[in-house]
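My structure is below; once you've seen it, I'll send some questions.
The values are calculated or read from the model by the stated rules, or taken from the named source; none is laboratory data. Keep in mind that what you see is a predicted model, and the values were worked out from it rather than measured. Ideal geometry is used to build each Cβ from the backbone, glycine not excepted, and the neighbour counts take in all protein chains shown. The area values use the complete protein model at the heavy-atom level, side chains included, leaving out ligands, DNA and RNA. Shrake-Rupley method; radii C 1.70, N 1.55, O 1.52, S 1.80 Å.
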Amino acid sequence: MEKLINDFPQNILDALQIAGNHNFRQPSNTITNVLICGMGGSGIGGKIVSNWIQDDIKIPVVLCHDYSIPEFVNQHSLVIGSSYSGNTEETLQAIEEAHEKGAHIIGICSGGQLAAFCKENNYDYVVVPGGNPPRTALAFSLVQLVNIFTKLNMIPANLMQQIESAQQLIVEDKSNIQSVAKDLATFLKDSVGVIYAGPKYEGVAVRARQQFNENSKLLCWHHILPEMNHNELVGWGGGDQRFNVVFLNTGDLIPRNQKRFDITRELVTKKAGGVTVIDAKGNNRIERSFYLIHLVDWASLYLANLKQEDAMDIKVIDYLKDELANFA
């Protein structure tokens, strides 16, 4: 896992090279909505990218983390299937439904059944390097998703340049990222983690939760401001020392939300076992996102080491898949 996390900046460069070699056929029908289908480490890229492009794209982008797709999907839908292995059963069934509805389909995978399905039905698909845990291949799905939206003229081309600058940022700040990550791991040891972020970084917060779940074997949850101010904040009324809270500070909240962030941190500090703030670096949302993603990846590994857990181990998921294989 240490090598795979260390390879993340290089993965971004490799993904950019793959993207540069891929063009996509323009849809024959006007696209009025986008559906991104994917699960777990393959699916989180869709959430993060939808956050990145929400201020630029003119049509709605919806996520599907299930076997079935929304009823609105039709011949005016762009449906992107993201499955690192190419064999994720939920994503495969969702893509088959989209095919039956006449949607314009594009696949992102390392091969498997999704690649075979796209090839058989003459759909564009991007093949990325395989053989590793899906959660360690995030750079490939992020870059390919942005490239698809760029090549289909749905978003400005400069977002690809922002990914390049994000790669440079995390390389140049590697030692500081690792130092902060070690402190974060120590902070979360022997606790239940809680992660709070602004609404345009919810995908990053979800990714953080997933990494602490899978790599560190740590239960945690996330929420976003201002929504948590309307419900979860009341839940802190009695206090609970089991919970250590991480606020992801990106420095780009609107003033009203920044004030909520500050007040919420003050209130929660009085109720939780501990509170810390992780400050993102970067000049734009993509740079700040990559910075936080890479920092949490390291923190999740360091926490696994502190807990004497194997960051690569996902035996419980393997057991679930084996049991499902016996279910007709």
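Could you identify the single residue in 36, 57 that is closer than 30 Å to residue 253 by Cβ, in a loop (DSSP other than H, G, I, E, B) and open to solvent by less than 70 Å² (accessible area, probe 1.4 Å)? Explain how you work it out, then say what you get.
Numbers: 36 fails: in a loop (DSSP other than H, G, I, E, B).
Within the list 36, 57, the selection yields 57.
Looking at this structure, is residue 88 crowded, with 20+ Cβ neighbours inside 10 Å, β-branched (Val, Ile, Thr) and in contact (Cβ under 8 Å) with a residue 60 or more places away in the chain?
No, not satisfied.
Take the range 110-138 and flag every residue that is within 14 Å of residue 83 (Cβ to Cβ), in a loop (DSSP other than H, G, I, E, B) and without any contact (Cβ under 8 Å) to a residue 60 or more places away in the chain.
Listed by number, the residues that qualify are 110, 111, 123, 130.
When the residues of the range 299-328 are filtered to those that are modelled with pLDDT of 90 or more and hydroxyl-bearing (Ser, Thr, Tyr), which remaining residue is least open to solvent (accessible area, probe 1.4 Å)?
Among them, the one singled out is 300.
Among the candidates 50, 82, 42, single out the residue that is in contact with a Cys (Cβ under 9 Å, 6 or more places away or on another chain), of a type in the set (Ser, Thr, Tyr) and closer than 24 Å to residue 29 by Cβ.
On the way: 50 fails: in contact with a Cys (Cβ under 9 Å, 6 or more places away or on another chain); 42 fails: closer than 24 Å to residue 29 by Cβ.
None of the others qualify; the one that does is 82.
Next up: Residue check: is residue 282 in contact (Cβ under 8 Å) with a residue 12 or more places away in the chain, open to solvent by 60 Å² or more (accessible area, probe 1.4 Å), small (Gly, Ala, Ser) and closer than 22 Å to residue 173 by Cβ?
no
Please pick out the residue among 124, 183 that is closer than 25 Å to residue 304 by Cβ and of a type in the set (Asp, Glu).
Working: 124 fails: closer than 25 Å to residue 304 by Cβ.
Going through 124, 183 in turn, the sole match is 183.
Answer yes or no: is there a residue in the range 2-16 that is open to solvent by 40 Å² or more (accessible area, probe 1.4 Å), over 28 Å from residue 297 (Cα atoms) and part of a loop (DSSP other than H, G, I, E, B). Full working, then the answer.
The initial filter retains those residues of the range 2-16 that are open to solvent by 40 Å² or more (accessible area, probe 1.4 Å), namely 2-3, 6-7, 10, 13-14.
Pick out the ones that are also over 28 Å from residue 297 (Cα atoms) and you get none.
Checked against the condition, which is being open to solvent by 40 Å² or more (accessible area, probe 1.4 Å), over 28 Å from residue 297 (Cα atoms) and part of a loop (DSSP other than H, G, I, E, B), the range 2-16 yields no hits at all.
Let me ask another. I'm trying to understand the selection: among the residues of the range 141-170, which are part of a helix (DSSP H, G or I), open to solvent by 10 Å² or more (accessible area, probe 1.4 Å) and over 23 Å from residue 77 (Cβ atoms)?
Of everything in the range 141-170, those that are part of a helix (DSSP H, G or I), open to solvent by 10 Å² or more (accessible area, probe 1.4 Å) and over 23 Å from residue 77 (Cβ atoms) turn out to be 158, 160, 161, 162, 164, 165, 167, 168, 169.
Mind checking which residues of the range 252-279 are touching a helix residue (DSSP H, G or I) at 6+ places or on another chain (Cβ under 8 Å), open to solvent by 30 Å² or more (accessible area, probe 1.4 Å) and not aliphatic (A, V, I, L, M)?
Across the range 252-279, the qualifying residues are 252, 260, 276.
Select, from 218, 248, the only residue that is of a type in the set (A, V, I, L, M), touching a strand residue (DSSP E or B) at 6+ places or on another chain (Cβ under 7 Å) and assigned to a strand (DSSP E or B). I'd like the intermediate steps shown before the answer.
Values: 218 fails: assigned to a strand (DSSP E or B).
That would be 248, the only listed residue that is of a type in the set (A, V, I, L, M), touching a strand residue (DSSP E or B) at 6+ places or on another chain (Cβ under 7 Å) and assigned to a strand (DSSP E or B).
Follow-up. Condition first: among the basic types (Lys, Arg), open to solvent by 40 Å² or more (accessible area, probe 1.4 Å) and closer than 26 Å to residue 12 by Cβ. Now tell me which residues in the range 171-226 satisfy that. Write out each step before concluding.
In the first step, residues of the range 171-226 are kept if they are among the basic types (Lys, Arg); the result is 174, 182, 189, 200, 207, 209, 217.
Okay, now just the ones that are also open to solvent by 40 Å² or more (accessible area, probe 1.4 Å), so 174, 182, 189, 200, 209, 217.
Result: 174, 182, 200, 209.
Please identify the pairs in which a residue from the range 248-275 that is farther than 18 Å from residue 234 by Cα has its Cβ atom under 8 Å from the Cβ atom of a residue that is aromatic (Phe, Trp, Tyr), counting only partners at least 6 apart or on another chain.
Within 8 Å, the pairs are 248/196; 248/201; 249/261; 250/201; 253/261.
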